[in-house]
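Scroll down for the structure; my scribbles are underneath it.
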Amino acid sequence: MSDNSGNSGGSHRLKDKQLAEHVAENRSYWDGMASDWVGAGQRSWQQDSPTWGIWGLPESQLQLLPVDMTGMKAIELGCGTGYVAAWMTRRGAHVTGIDNSLEQLKTAERLMKEYELEVDFIHGNAEDVPYPDASFDFAINEYGAAIWCDPLVWIPEAYRLLKPGGCLTFLGTHPIAILATPDDGSNCDESLHRPYFGMHQQDWRNVEHDPGGIEFNLSHSDWYHLFQNTGFEVLDYLELQAPEDSSETKFSIPAGWGQKWPSEQVWKLRKKG
């Protein structure tokens, strides 16, 4: 069990609490397919320079991480195999990674030892992180809390965890990609399949194509009002486009679709004060 110090460099399992339905479902879903992500995690740990999202866009283009993180305390909210935590550690940060899947964290801990880095990995829910207020200078996630946690819960939790002036950056699915995904879970097309207003929870457990998991997203105005009401200021917002030379389908996003419409979004925020 973590002592909340963030200094032990290993994997810790917290005492189980009663989990919300989406937390329990997503834990089971990711534990069940963790082995599918070992290879991708290994490749990402090997990278000298980070690349982001389903299209592998370079850090030089997106600038999601501070160049020098020496002495910073950082947390990855939904760390999976821990490669973003590794990238931050190499930039000088003291890093905590929390993830809902114990099986994913087994890969993260193995790679941490293989690459001789020190990260404090915690098995837990990014909506309820066992650290005191104002513990971190920087928080980030890529397809972690950004889509698998309820933003009405995890955004205030991230705010609580950050010091005044601390920054939160996250990358996840663009709302347009959710609207354009057919009800059977097949590839995005050029029709709108669900309402934009009131967007919140998407349950993919019983779809025909690639079933599993409960995701979350919001309309742009709802994201903005959530940030404003929580106490964040928006530093930047990016809508990510598939590169012109892409021809593959990445998950449910055909390259041609992703070249015309944004499949991913990045929010960069700062805690006021």
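The values are calculated or read from the model by the stated rules, or taken from the named source; none is laboratory data. Note that the structure is a prediction, hence the values are computed from the model and not measured. No Cβ is skipped: glycine too gets one built from the backbone with ideal geometry, and neighbour counts run over all protein chains shown.
If you go through segment 7-55, how many residues are within 22 Å of residue 131 (Cβ to Cβ), polar (S, T, N, Q), in contact with a Leu (Cβ under 9 Å, 6 or more places away or on another chain) and at pLDDT 95 or above?
Qualifying residue count, segment 7-55: 0.
Assuming residue 251 fulfils every condition listed in (1) within 18 Å of the chain's Cα centre (by Cα); (2) on the phi > 0 side of the Ramachandran plot; (3) surrounded by 15 or more Cβ atoms within 10 Å (Cβ to Cβ) apart from one, which condition is it?
(3)
Select from segment 194-216 the residues that are in a loop (DSSP other than H, G, I, E, B) and within 17 Å of residue 29 (Cβ to Cβ) and list them in ascending order.
Filtering segment 194-216 for residues in a loop (DSSP other than H, G, I, E, B) gives 194-200, 204-213.
Within segment 194-216, 204, 205, 206, 207, 208, 209, 210, 211, 212, 213 meet the criteria.
Pairs only if they're at least six apart or on different chains, beta carbon under 9 angstrom, first in segment 172-189 and free of Cβ contacts under 8 Å to residues at least 60 places away in the same chain, second acidic (Asp, Glu) and surrounded by 16 or more Cβ atoms within 10 Å (Cβ to Cβ); list them, first residue then second.
Listed by first residue and then by second, the contacts come to 178/215.
I'm trying to understand the selection: among the residues of segment 130-169, which are part of a loop (DSSP other than H, G, I, E, B) and closer than 21 Å to residue 63 by Cβ?
143, 144
Is it the case that segment 128-140 has a residue that's on the phi > 0 side of the Ramachandran plot and of a type outside the set (D, E, K, R)?
yes
Mind counting the residues in segment 255-273 that are part of a strand (DSSP E or B), surrounded by fewer than 20 Cβ atoms within 10 Å (Cβ to Cβ) and in contact with a helix residue (DSSP H, G or I) (Cβ under 7 Å, 6 or more places away or on another chain)?
So the count comes out to 0.
What are the pairs, 6+ residues apart or on separate chains, where a residue within segment 110-128 that is in contact (Cβ under 8 Å) with a residue 24 or more places away in the chain has its Cβ under 7 Å from a residue that is assigned to a strand (DSSP E or B) and among the basic types (Lys, Arg)?
From residues that are in contact (Cβ under 8 Å) with a residue 24 or more places away in the chain, the pairs are 123/13.
Can residue 190 be described as exposed (fewer than 12 other Cβ atoms within 10 Å of the Cβ) and among the acidic types (Asp, Glu)?
Considered against the rule, which asks whether it is exposed (fewer than 12 other Cβ atoms within 10 Å of the Cβ) and among the acidic types (Asp, Glu), residue 190 comes out as yes.
Identify all residues within segment 89-106 that are surrounded by fewer than 24 Cβ atoms within 10 Å (Cβ to Cβ), part of a helix (DSSP H, G or I) and in contact (Cβ under 8 Å) with a residue 40 or more places away in the chain; write none if there are none.
Scanning segment 89-106 gives 102, 103, 106.
Of the conditions (1) exposed (fewer than 15 other Cβ atoms within 10 Å of the Cβ); (2) modelled with pLDDT of 95 or more, residue 162 satisfies every one except a single condition; which number is it?
For residue 162, the exception is condition (1).
Looking at segment 45-64 only, could you name the residues that are within 12 Å of residue 84 (Cα to Cα), surrounded by fewer than 20 Cβ atoms within 10 Å (Cβ to Cβ) and free of Cβ contacts under 8 Å to residues at least 40 places away in the same chain? Please lay out each step first, then the result.
Let us first name the residues in segment 45-64 that are within 12 Å of residue 84 (Cα to Cα), namely 45-53, 59, 64.
With surrounded by fewer than 20 Cβ atoms within 10 Å (Cβ to Cβ) added as a condition, the list becomes 46-49, 51, 59.
Within segment 45-64, 46, 48, 49, 51, 59 meet the criteria.
From 32, 53, which residue is within 30 Å of residue 260 (Cα to Cα) and not β-branched (Val, Ile, Thr)?
53
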